[in-house]
Amino acid sequence: MAEVTVQAPAKINLHLGVGPVRADGFHPLATAYQAISLTSRVTARDASAWSLTCVGHDGVDVAEVPLDDSNLALRAARLLGERVGTGRPVALHLDKGIPVAGGLAGGSADAAATLLACATLWQVDADAADLIGLAGELGSDVPFGLVGGTAAGHGRGELVTPIHDTGRYDWVVLTFDFGVSTPAAYAEFDRVHAGAEIADPEIPAALTRALEHGSAPELAAALGNDLHPATLRLRPELGEPLRAGLDASALAALISGSGPTCLFLAEDPDHAERVAAALTSYGRARIAYGPVPGAELI
Ligand code: C5P
């Protein structure tokens, strides 16, 4: 096999419970992830030298994506190569359908897709290579990119276990022409909570029940994001589209992860179209559904 292409999904956090900052600078999380139908593709090809190219589709602007060794996909390929002892270079090509720096784990999806693509290209036993363990070394959200579906995330987000989810949920995903840095959002969280007692984060039982029932209205009532106040302090202008989505009858509105992407839960695809139409003056409104699978060969 000379070339392998893998697709990986965006993630949203249905609930993002954040605890007090740990000694290593990370925050303990209790989060419910969902993989949604905005996807990126990574192609790994045998080559005589390492290289990385990147394009976007569906209006994704890739101008800010680093193409040097700091790129998470390139780091993922090199890490796997070191662990399985192959020195063979690959040419990586990213085709991103997940908006950049939006709180949708787009870089993590690239890394997850790259791990699976290179493992396949090099014919390494994915279980033996412990792709999920490697993914956790690369970033908190990377393991979920491999697992997909709806899943709980603990630790700093890297310890992923599937959640029973019988539903299909329609989302409006509103992105902007600015990003929010994840470390900046967590630092703001620390400032918001300075001196206050922070309880250990938990996934609410009502959320787990809503997913078991597959009920969008129940899910709407159980969504939550502890980073929401912090991100709103960094970007107060997000208040307006969040309100506009609710005024346009969205079942719920919340910030995705560290933001700035805003999520609106709809009753069905037609309803999602109507909510999206009310939001186009604020940013780019895409329609997506979840859950969808994690990284898979195509
Ligand atoms: O793991 P990842 O590289 O995605 O994390 C990026 C940054 O986000 C970390 O350096 C840290 O500042 C912040 N973070 C955190 N707690 C987490 C996950 C991320 O503080 N659980």
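Computed quantities for the displayed model
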item	result
Unique residue being at negative phi, more than 16 Å from the ligand (Cβ to nearest atom) and not in a strand (DSSP E or B) when the list is ASP24, ASP68, ASP110	ASP68
Test for TYR169: is it more than 13 Å from the ligand (Cβ to nearest atom) and either assigned by TED's automatic domain parsing to the domain that holds SER108 or in contact (Cβ under 8 Å) with a residue 12 or more places away in the chain (or both)	yes
Some residue of the range 162-174 being among the hydrophobic types (A, V, I, L, M, F, W, C), in a helix (DSSP H, G or I) and surrounded by 19 or more Cβ atoms within 10 Å (Cβ to Cβ)	no
Extreme residue, nearest to LEU14 (Cα to Cα), among residues of the range 75-98 that are open to solvent by less than 10 Å² (accessible area, probe 1.4 Å) and not in a strand (DSSP E or B)	ILE98
Selection status of THR43, touching a Gly at 6+ places or on another chain (Cβ under 6 Å), over 18 Å from LEU159 (Cβ atoms) and modelled with pLDDT of 95 or more	no
Number of the condition not met by SER108 [criteria: (1) closer than 30 Å to PHE178 by Cβ; (2) modelled with pLDDT under 95]	(2)
Test: residue in the range 81-89 that is away from the ligand (no atom under 16 Å from the Cβ), polar (S, T, N, Q) and on the phi < 0 side of the Ramachandran plot	yes
Qualifying residue in the range 74-87 (condition: within 29 Å of ALA32 (Cα to Cα) and within 16 Å of the chain's Cα centre (by Cα))	no
Failed criterion for GLU137 (all others in (1) more than 16 Å from the ligand (Cβ to nearest atom); (2) touching a residue at least 24 places away in the same chain (Cβ under 8 Å); (3) open to solvent by 10 Å² or more (accessible area, probe 1.4 Å); (4) not in a loop (DSSP other than H, G, I, E, B) hold)	(1)
Every residue from the range 177-188 that is near the ligand (Cβ under 8 Å from one of its atoms) and aromatic (Phe, Trp, Tyr)	TYR186
Any hit, the range 205-214, residues being at pLDDT 95 or above, of a type in the set (Ser, Thr, Tyr) and in a helix (DSSP H, G or I)	yes
Positions within the range 236-266 being in a loop (DSSP other than H, G, I, E, B) and under 16 Å from the mean Cα position of the chain (by Cα), in sequence order	SER256, GLY257, SER258, GLY259, PRO260, THR261
Which listed residue is within 21 Å of TRP50 (Cα to Cα), in contact (Cβ under 8 Å) with a residue 24 or more places away in the chain and not charged (D, E, K, R), from LEU146, LEU79, LEU67	LEU79
GLU296 being among the acidic types (Asp, Glu), in contact with a strand residue (DSSP E or B) (Cβ under 8 Å, 6 or more places away or on another chain) and under 30 Å from LEU116 (Cα atoms)	yes
Residue within the range 71-79 that is more than 20 Å from ILE132 (Cβ to Cβ) and not assigned by TED's automatic domain parsing to the domain that holds ASP226 present	yes
Unique residue being among the basic types (Lys, Arg) and within 18 Å of the chain's Cα centre (by Cα) when the list is ARG209, ARG168, ARG191, ARG233	ARG168
Criterion (open to solvent by 10 Å² or more (accessible area, probe 1.4 Å), in a helix (DSSP H, G or I) and among the acidic types (Asp, Glu)) met by exactly one of ASP190, ASP127	ASP190
Residue among ILE12, ILE36 that alone is touching a Leu at 6+ places or on another chain (Cβ under 6 Å), of a type in the set (A, V, I, L, M) and surrounded by 24 or more Cβ atoms within 10 Å (Cβ to Cβ)	ILE12
Residue among GLU218, GLU202 that is open to solvent by 40 Å² or more (accessible area, probe 1.4 Å) and under 25 Å from LEU146 (Cα atoms)	GLU202
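The values are calculated or read from the model by the stated rules, or taken from the named source; none is laboratory data. Computed from a prediction, not measured in an experiment: that's the story for all the values here. Every residue, glycine among them, receives a Cβ derived from its backbone with ideal geometry; neighbour counts consider all protein chains shown. Note: areas computed on protein heavy atoms with side chains; ligands, DNA, RNA excluded. Shrake-Rupley method; radii C 1.70, N 1.55, O 1.52, S 1.80 Å.
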